[in-house]
Structures are given as structure tokens and as C-alpha cells.
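These notes concern the structure reproduced below.
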Amino acid sequence: MKKASLLLFLMAFAMIGFSCGESEADRMAREQARIDSIRVAEQAALEARMQAVEDSLAAVEAVRLAEETAKTTSTFDENGSYVIQTGAWRSEVKANAQAAQWASEGVSAAYVVQTGDETTGDVWFRVRLGYFPSMQDAQNFGTEMGLSYWVTTRN
């Protein structure tokens, strides 16, 4: 009888153990944890790709600025006889604003020249870039920069 009750006890224990597997709540919690883990990994991968794109864009911009700076400073010559004129205004404020804009874009040789007769009121403020050793250097600079310009001699 002891053997039968022990056998009955073991069978009941085995049936309870097999029938009481993982609950639905446990399965849902495990699945949610798996989904959360995947989302965290996807978010990290996305952030890494975004950082790579930002780094790439920053590198391209740095190269562009270096090329533009090299392009704008390589042909200037303080003793040159030629300049590029990019505009002329009656307003000194507008002329100075454009010269300042050129300076902010890396063109260190931007300046304003006043011409005309102040007594009659016929005064112009010309924005010029330069000096260049030859007319060809001035034209090359204007073309490379994509300017609307004309070349003139230094006054």
C-alpha cells in the first residue's frame, strides 16, 4: 500500500507539474521583453546610421569650405593691378553690407570704393574684390566663384 500511495503521489505531482507550465501572462511578458529588446537594438542601429550620415555631411562640408577658401585666397596679390567689381550702389550701407557678406564668406579682399561728385550728389559706392596680378586671374576668380562681375583696373 505504501508503494501504491507513493506511486499515486508521484503521478499526481508529475501531472500537476506538466499541466502547470508557463502561464499566458508569463508568455506575454517574455514576448514583450523580446520585442523591447529588438526595439532597443533597432534604435541603437538607427542612431549609429544617423551619426554616420551627419559625420559624412560634416566631412563633405569641411572639404567644400577648404576648397572654397583655397580658391578664394590663392590668386590675390596685394601688388596686383586688377580688381573685380561685383556691384555699385548709391547707398553706402548696402555696399558695406555686401562687402561684409563677401568677408563672411571667406573673401578677405572685399572693400568699398566711393566715386562721383559729392557736390552734385552723383556718388556711387562700388564693391570690389581683389587685387589680381593679371586680368586673366581676375576673370578666372570671377568665373570660379560664379559671380556677376566685371574686371577693372585698380584706382
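The values are calculated or read from the model by the stated rules, or taken from the named source; none is laboratory data. Given the structure is predicted, the values throughout are model-derived calculations rather than measurements. Neighbour counts run over all protein chains shown; Cβ positions are idealised from the backbone, glycine included.
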* Structure fact -> In region 94-139, anything touching a residue at least 40 places away in the same chain (Cβ under 8 Å), farther than 24 Å from A62 by Cα and either out of contact with any strand residue (DSSP E or B) (no Cβ under 6 Å at 6 or more places or on another chain) or aromatic (F, W, Y) (or both) is listed as Y131, F132, P133, S134, D137
* To do: From the list G142, G146, pick out the single residue that is in contact with a strand residue (DSSP E or B) (Cβ under 6 Å, 6 or more places away or on another chain) and either modelled with pLDDT under 90 or assigned by TED's automatic domain parsing to the domain that holds Y82 (or both).
  => G142
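A quick yes/no check of all residues on (1) of a type in the set (S, T, Y); (2) surrounded by 10 or more Cβ atoms within 10 Å (Cβ to Cβ); (3) at pLDDT below 90:
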| position | (1), (2), (3) |
| --- | --- |
| A12 | no, yes, yes |
| C20 | no, no, yes |
| E31 | no, yes, no |
| Q43 | no, yes, no |
| T72 | yes, yes, yes |
